Amino acid sequence: MPKIHREPAIGPFRADQLREGDRYELSNGHPLYCAPARREHAAPNLIGAAVIDSDPAVEWAGVDAGFTPAPGTLRAPDVAVAAPGGVDEAGWIPGAPPLAIEYAGRGQDPADLKVKIAELLAAGTRYVWVVGVQGPRRVEVHEAGQPPRLVGAGEVLAAPGILRNPVPVEALYDRAAGHRATLRNLLQREGYDSLEAVRKEGREEGLQEGLAAAVLALLQGRGVPVDTMLETRVRACREPATLRRWLLRAAQVERGEQLFDAQ
């Protein structure tokens, strides 16, 4: 979110004087205008937000969410992770987000971004990731008490205790990479390790359904009556080995219930 102009002295404004939708942040009591985002900024912002919000460990994430660690400070990272609940009287989120992501491009004031990072870290933010949307695609990682470091394309970012999964750098700005990371996260939320696990389950279910249909078709083809109870039991079976055993017996039995006799 591009910002301009900052005064060094303590300003007169407080976070509770700003309303949702006002295009300002506050730094030390001074308002900082937040300009509308260009496409180069807005599109990656959406991509990264989806990846972060879908991570299985994240209970709450937001875009441009307002955090107020002090009465004269109101900061809204492009993407942020925070604990659910907890708002002050003005509706802002107290404290600072454990993970904040900023997209830096044209119009970004480097000096103000530096101040914003320092304010967030001082207020308790554990990680600030600054994603460059111009020039070499890389992420500048800031942690309290540590020198900034650069993470480039082909590498991954980690936020232990905040995110379960590492985030490929490309997933914060490239649409295809972001979709892959988001899909991985959503599948994990549903109990699958990966897309391959879903495909494997589908293949297994297809095999089971095929074996069950073969058992029933063989019985019917031999003139063995198949009632609703028998059909339901056969189709409900999820063990391929059992279905294969029933298929062999279906070629021999005279009554349907004999299919299930102990051998």
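None of the figures in this text is laboratory data; all of them are computed from the coordinates on show. Note that the structure is a prediction, hence the values are computed from the model and not measured. FYI the Cβ positions are ideal-geometry reconstructions off the backbone, even for glycines, and counts take in every protein chain you see.
What the table below lists for this structure:
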| quantity | calculated |
| --- | --- |
| Per-residue [θ]222 nm for the chain (sum of -39500 (n - 2.57) over DSSP H runs n ≥ 4, rounded to 500) | -11500 deg cm²/dmol |
| Computed E for Lys114/Glu201 - FRET, C-beta separation, R0 41 angstrom, nearest 0.05 | 0.25 |
| Amide H contacts of Tyr24 (H built 1.01 Å from N, under 5 Å, at least 5 apart or other chain) | Cys34 |
| Difference of contour (0.36 nm per residue) and Cα-Cα distance, Arg149 to Asp227 | 21.2 nm |
| Note, ³J(HN,Hα) from phi for the range 67-74, Karplus 6.51, -1.76, 1.60, rounded to Hz, x at Gly and Pro | 10, 10, x, 8, x, x, 10, 9 |
| Nearest 10 degrees, 0 to 90: helix 175-189 Cα axis against the chain principal axis | 60 degrees |
| Selected from Pro147, Leu121, Pro160, residue furthest toward positive end of dipole (the range 118-166; charges at beta carbon) | Pro160 |
| Between 0 and 90°, nearest 10: helix 39-54 axis offset from the chain longest Cα axis | 50 degrees |
| Phi-based couplings in Hz for the range 233-250 (Karplus 6.51, -1.76, 1.60; Gly and Pro marked x) | 5, 5, 5, 7, 5, 10, 10, x, 5, 5, 5, 5, 5, 5, 5, 5, 6, 4 |
| Cβ-based charge dipole, the chain, positive-most Cα from Ala15, Leu186, Phe260 | Phe260 |
| Lys/Arg +1, Asp/Glu -1 at C-beta; the range 213-260 dipole; positive extreme among Trp246, Gly221, Thr232 | Trp246 |
| Under 12 Å, Cβ to Cβ, from Gly178 - net charge with Lys/Arg +1 and Asp/Glu -1 | 0 |
| Total charge dipole magnitude, the chain, about the Cα centre, Cβ charges on Lys, Arg, Asp, Glu only, Debye to nearest 20 | 640 debye |
